[in-house]
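**Q** Got a structure for you, questions after.
We did not get these values from a lab; they are worked out from the coordinates using the rules stated. The structure displayed is predicted, hence computed values, not measured ones. We place every Cβ from the backbone using ideal geometry, glycine too, and count neighbours over all the protein chains shown.
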Amino acid sequence: MELNVADIVVFVGFFAIVIGVSLFKSRKEKSSEDYFLAGRGLTWWLIGISIVAANISTEQFVGMAGQGAGIVGLAVSNWQLIGSVGIVIIAFTLLPRFLKAGIYTMPEYLEYRYNSLARAIMAIITVVIYVAVLLTAVLYSGGLTLKTIFGLSMIKGVWLIGLLAATYTVWGGLKAVAWADLFQGGGLLLGGVIIFFLGLHACGGWENFSVCNSEKLHMVLPSNNAGLPWTGVASGMWIVLVYYCGLNQFIVQRNLAAKTLRDGQLGVIFAGALWLLVPFAIVMPGIMSYQLYSSQMSAPDEAFPMLIRNLVPPGLRGFMFAAIAGAVISSLASMLNSASTIFTMDVYNRMVNRNASQKSLLFFGRVMTLIFVVIGCFLAPMLANPKFGGVFQFIQQFQGYIWPGVVAAFLFGMMVPTAPGAAGVAALISGPIIYGTFQLFAPELHFLIQVAVVFQLVILIMILITFCKPLKESRELPVRKDIVIKTSIEAKIFGSLVILAVAVFYIVFW
């Protein structure tokens, strides 16, 4: 697909605005709180858009649309729709607790609840997963998209995306990322909706599309489905989404930067509402692409790029190019900023140099951002190997090493005040080991079911340790005095509406 002069002007103009505004808004970052938490001054609408932009990338446009075109169909939307419910619940449960404590990172919370070893273990595991799995997968899927649509080589596409994201992330930190997300998040959602209507028209309208793809338009799949059986959704997906929506640094970091609890709660609820667009903007276009171009695809991951290449007319191509690149860059920038935050605050400042000045923390954070993006760019092309089973599957399956242990450590620690530090450390260590054992010796068992079983085993270990050596007194968490912890009526109303909308969608597409 070729770009004309107007397309190139639109693309260059879009990113000139994105980078210019983000650099301008973040020009006064002087402390670690400014750089990593945007001075704790983000408002709800910016939080909501930024969460969506951080979450939705080519791992969705490529991977989720690819699973929609493959054996999973519309049911892959479970990840986002159950996520919408989960993030609303977290807005009223975990978010107030974290904001009240005034923490920078999720590992920091574990030190207050358990001990410094728990903090160190989670910090190291999280950075490894972010860089080796998430950063790498987002860069790969972005490079694959640019290659499929525009013929740009994989390596060039990966480095182009990486350098664009690093440009403003290194400079301005979270505030720069959030303001860039405002434009890129809006662009990617608008681009997805445009593709939905173009694809629907090419398929002959909704009635013809729904008839031709009736077997793919179901949210609940049989237990023998290899892609996403209902047993996996019911047993393990909630563990994944508790981690992703409530404990995952690159999502939660925006909540920790909220100006007030009201902004934080309305922000995540707004994100949950926008996630309702994903089945229409990403998954259904993947199904449409399969209907129209299945004979031209060598792999399901090519579904969304194939739709763009064949349906987007000249004049809109520059905008779609910008929307896709923006989707990748926004997620990449968020992961870079969060990985840098954890490595700087939880590893360098806590374990190496406790007396580091604010200037040295900023410098170290910027250097680590550059190092992480370079590592990701070198690793990304390796995912072209078919043994990984598609980019979306790769991301979900390998994060299983962190989900069960982390969720168990947080939830058990919150519900059982007598749980000792040894219980938290045991959860973080045993989770990856037990999950890896299942991956090695029971690969035929769906990874979500593996996650559920591992979570239960980890909880059992924590119960035994707590029974043998309980704390005599519960540990005290720090308390911020500059924030009021009181849920607003607006948050309750809009949160209920999001959950109702999800219920309606399940009824329609059962």
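**Q** Going by average Cβ neighbours within 10 Å, how do the peptides 8-20, 45-57 rank, with the highest at the top?
**A** Order by mean packing, descending: 45-57, 8-20.
**Q** Follow-up. Mind scanning LYS156/LYS259; LYS259/LYS359; LYS359/LYS472; LYS359/LYS481; LYS25/LYS359 and naming the pairs with a C-alpha gap bigger than 30 Å?
**A** Beyond 30 Å: LYS156/LYS259; LYS359/LYS472.
**Q** Also, I was wondering about something else. For the chain, what is the mean residue ellipticity at 222 nm derived from helices alone (per DSSP H run of n ≥ 4: -39500 (n - 2.57); sum divided by total residues; nearest 500 deg cm²/dmol)?
**A** -22000 deg cm²/dmol
**Q** With just the Cα atoms defining each centre, how far is the stretch 304-376 from the stretch 1-19? Give it in Å.
**A** The two parts, judged by their Cα centres, are 21 Å apart.
**Q** Compute for the stretch 279-397: radius of gyration divided by Kirkwood radius, i.e. Rg/Rh, restricted to C-alpha atoms, rounded to two decimals.
**A** For the stretch 279-397, the value is 1.12.
**Q** A follow-up question, please. Note down, for the stretch 377-472, the three equivalent ellipsoid semi-axes (square root of 5 times each alpha carbon gyration tensor eigenvalue), biggest first, whole angstrom.
**A** For the stretch 377-472, the ellipsoid semi-axes come out as 31, 14, 10 Å.
**Q** Hey, another quick one. Pop out the ³J(HN,Hα) list for the stretch 217-226 in order, Karplus 6.51 cos²θ - 1.76 cosθ + 1.60 with θ = phi - 60°, rounded to Hz; leave Gly and Pro as x.
**A** Taking θ as phi minus 60°, the curve returns 9, 10, 8, 10, 10, x, 5, 9, 6, 6 Hz for the stretch 217-226.
**Q** Using just the C-alpha positions of the stretch 121-251 as equal point scatterers, what log10 of I(q)/I(0) does the Debye formula give at each q in 0.13 1/Å?
**A** With no solvent term, the Cα-only Debye profile gives -0.94.
**Q** While we're on this one: Please compute the Cα-Cα pair-distance distribution of the chain with 20 Å bins starting at 0, giving whole percents from short to long.
**A** 24, 59, 16, 0
**Q** Quick one: Debye curve from the C-alpha atoms of the stretch 248-300, no solvent, what's log10 I(q)/I(0) at q = 0.26, 0.28 Å⁻¹?
**A** -0.96, -1.02
**Q** Another question about this same structure. Which whole-angstrom value gives the distance between the alpha carbon centres of the stretch 78-103 and the stretch 226-244?
**A** Cα centres, the stretch 78-103 to the stretch 226-244: 17 Å.
**Q** From the backbone phi of the stretch 2-10, what are the Karplus-calculated ³J(HN,Hα) couplings (6.51 cos²θ - 1.76 cosθ + 1.60, θ = phi - 60°) in whole Hz, Gly and Pro given as x?
**A** 9, 9, 8, 4, 4, 4, 5, 4, 4
**Q** Kirkwood Rh, Cα Rg: Rg to Rh for the stretch 72-166?
**A** Result for the stretch 72-166 is an Rg/Rh of 1.11.
**Q** Using the Karplus equation 6.51 cos²θ - 1.76 cosθ + 1.60 (θ = phi - 60°), what ³J(HN,Hα) coupling, rounded to whole Hz, does each residue of the stretch 235-249 give in order, writing x for Gly and Pro?
**A** 8, x, 5, 5, 5, 4, 6, 4, 5, 5, 7, x, 10, 7, 4
**Q** Taking all pairs of distinct Cα atoms, average 1/r, flip it, and tell me the Kirkwood hydrodynamic radius of the stretch 258-340 in Å to one decimal place.
**A** This gives a value of 15.4 Å.
**Q** Here's a follow-up. By per-residue mean of other Cβ atoms within 10 Å, what is the highest-first order of 448-457, 484-493?
**A** 448-457, 484-493
**Q** When the C-alpha atoms of the stretch 39-100 are aligned to their principal axes, what extent does each axis show, in angstrom, from largest down?
**A** 44, 22, 15
**Q** Here's a follow-up. Just order 188-195, 440-447, 239-246 by mean Cβ neighbour count inside 10 Å, highest at the front, would you?
**A** Per-residue mean Cβ counts within 10 Å order the peptides as 239-246, 188-195, 440-447.
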